[in-house]
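Enquirer: Encoded as structure tokens, here's the structure I'll be asking about.
The values are calculated or read from the model by the stated rules, or taken from the named source; none is laboratory data. These numbers come from a predicted model, not from an experiment. We place every Cβ from the backbone using ideal geometry, glycine too, and count neighbours over all the protein chains shown. Surface accessibility is based on the protein's heavy atoms, side chains included, excluding ligands, DNA and RNA. Shrake-Rupley method; radii C 1.70, N 1.55, O 1.52, S 1.80 Å.
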Amino acid sequence: MADGIFLYLYLNLISMARVFIGFMVCFLLLNCTKQEEKIVIKNKPYIISYENEKFDKYADSLKKNSNTVALRPKGFYGESQLIIDKQGDFYYYQNRYIGIGCGTGRENDTLPYFLDLQPKDIIKVPQTSISDFLSENILSKEKNRRILIVASQTDTIKNTSFFNFINKNKLQAYAIRRTTQEEDTVLKYKKNNYSYFSVEIKWDKSKIKLPK
């Protein structure tokens with residue numbers, strides 16, 4: 001009789017152990033799946049046209065439901081520009097700082113104005129040091145100047161490592177757009193080490209506002 005009870009208890013313990021082990025395996029697999037999903041979402045490509053369309057729908061909905069107007073940031077250039085080329089490489093250049101409230105009118109331009117950007121103004125930034133580089137060149141400025149303009153040569157940005165910098169640091173603002181005609185042209189001359197003279201370029205005047 002005692003042997004029978006012992007055998008019964010022993011079999012029950014084995015069954016419970018199997019259930020516990022099975023539960024733990026499922027839990028671990030589920031946890032790994034969630035972590036993998038987070039990594040995929042975090043590193044997923046950024047599609048500029050899709051994000052712009054999503055913002056427009058949000059702005060329309062906001063205006064319809066609450067009469068609140070959400071405006072897209074105006075203008076094309078800021079003090080700090082990060083260019084992402086077709087290969088996913090990073091380039092950086094700076095403009096002279098001009099406050100938004102200075103009455104220049106450039107913040108309302110529908111076409112990017114001519115910068116007179118030169119190949120020497122654009123520097124290539126190693127991907128392994130993008131965060132340190134941006135920290136040194138942007139976060140060292142006054143708070144209202146910590147603004148980053150990201151310009152991509154393609155609609156889909158696959159190299160999203162710069163988001164690590166944006167997410168970890170408190171920028172005053174940032175904007176993501178396609179590159180302008182001038183940025184594409186000057187970057188092409190820089191990468192091919194060509195002599196560059198802006199007066200010799202046949203600019204498409206429907207895409208750039210040239211000085212009179």
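Enquirer: Please arrange 174, 93, 196 by accessible surface area, largest first, computed with a 1.4 Å probe and ligands excluded.
Expert: Details: 174 105, 93 0, 196 20 Å².
So the residues, ranked largest to smallest area, are 174, 196, 93.
Enquirer: Across 10 Å bins from the origin, how do the percents of Cα pairs in the range 124-212 run, short distances first?
Expert: 13, 37, 32, 17, 0
Enquirer: Just to confirm a number: summing +1 for Lys and Arg and -1 for Asp and Glu over residues other than residue 171 whose beta-carbon lies under 15 angstrom from that of residue 171, what do you get? Don't skip to the answer; put the middle values down first.
Expert: Values: positive: 141, 143, 145, 146, 168, 170; negative: 79, 136, 142.
Neighbourhood net charge equals +3.
Enquirer: Work out the FRET efficiency for residue 156 and residue 129 from their Cβ-Cβ distance, taking R0 = 25 Å, and round it to the nearest 0.05.
Expert: Details: r = 24 Å, r/R0 = 0.96.
Efficiency, from the Cβ-Cβ distance: 0.55.
Enquirer: A follow-up question, please. Out of residues 5 or more away from residue 80 or on other chains, whose amide H comes under 5 Å of its own, with H placed 1.01 Å from N in the peptide plane?
Expert: Long-range HN contacts for residue 80: 95, 149.
Enquirer: What part of the accessible area of the range 119-212, given as a whole %, is carbon or sulfur when the probe is 1.4 angstrom? Before the final figure, lay out the partial values.
Expert: Working: 2850 of 5920 Å².
Result for the range 119-212: 48 percent of the exposed heavy-atom area is carbon or sulfur.
Enquirer: Step through the table entries 57/205; 57/191; 168/207; 124/202; 120/205, compare each Cα-Cα distance with 28 Å, and write down the pairs that go over it. Walk me through the numbers before you get to the answer.
Expert: On the way: 57/205 30 Å; 57/191 38 Å; 168/207 35 Å; 124/202 26 Å; 120/205 24 Å.
The answer is 57/205; 57/191; 168/207.
Enquirer: Something else about it: If we sort 155-165, 121-131 on the protection proxy, mean other Cβ atoms within 10 Å, highest first, what's the order?
Expert: Numbers: 155-165: 15.8, 121-131: 14.3.
Most protected by this proxy first, the peptides run 155-165, 121-131.
Enquirer: Could I ask something else about it? Would you pull out the residues with amide H under 5 Å of residue 176's amide H, same chain only if 5 or more places away, H placed 1.01 Å from N?
Expert: Sorted by chain and number, the residues that satisfy this are 150.
Enquirer: Hey, another quick one. What accessible area per residue comes out for the range 81-212, rounded to a whole number of Å², with a 1.4 Å probe? Walk me through the intermediate numbers first.
Expert: Details: 7970 Å² over 132 residues.
For the range 81-212, the solvent-accessible area averages 60 Å² per residue.
Enquirer: Going highest first, how would you order 185-195, 75-85 by mean Cβ packing within 10 Å? Display every interim value, and only then the final one.
Expert: Details: 185-195: 14.9, 75-85: 21.1.
In descending order of packing, they fall as 75-85, 185-195.
Enquirer: In sequence order, what are the phi-derived ³J(HN,Hα) couplings for the range 189-200 according to the Karplus relation 6.51 cos²θ - 1.76 cosθ + 1.60 with θ = phi - 60°, rounded to whole Hz, with x for glycine and proline?
Expert: Result, ordered by residue: 5, 5, 5, 9, 6, 8, 6, 10, 9, 4, 5, 8 Hz.
Enquirer: If I stretch the segment between residue 59 and residue 97 completely, what's the gain in nm (0.36 nm per residue apart, minus their alpha carbon distance), one decimal? Let's see the in-between values first.
Expert: Values: separation 38, 0.36 × 38 = 13.68 nm, distance 2.95 nm.
Stretched fully, the residue 59-residue 97 segment lengthens by 10.7 nm.
Enquirer: Same structure again: Cα gyration tensor of the range 156-198, axes a ≥ b ≥ c as square roots of the eigenvalues: rounded (a/c below 1.5), prolate (a/b > b/c) or oblate? The partial results should precede the final answer.
Expert: On the way: a/c = 2.77, a/b = 2.39, b/c = 1.16.
Note, shape of the range 156-198 comes out prolate.
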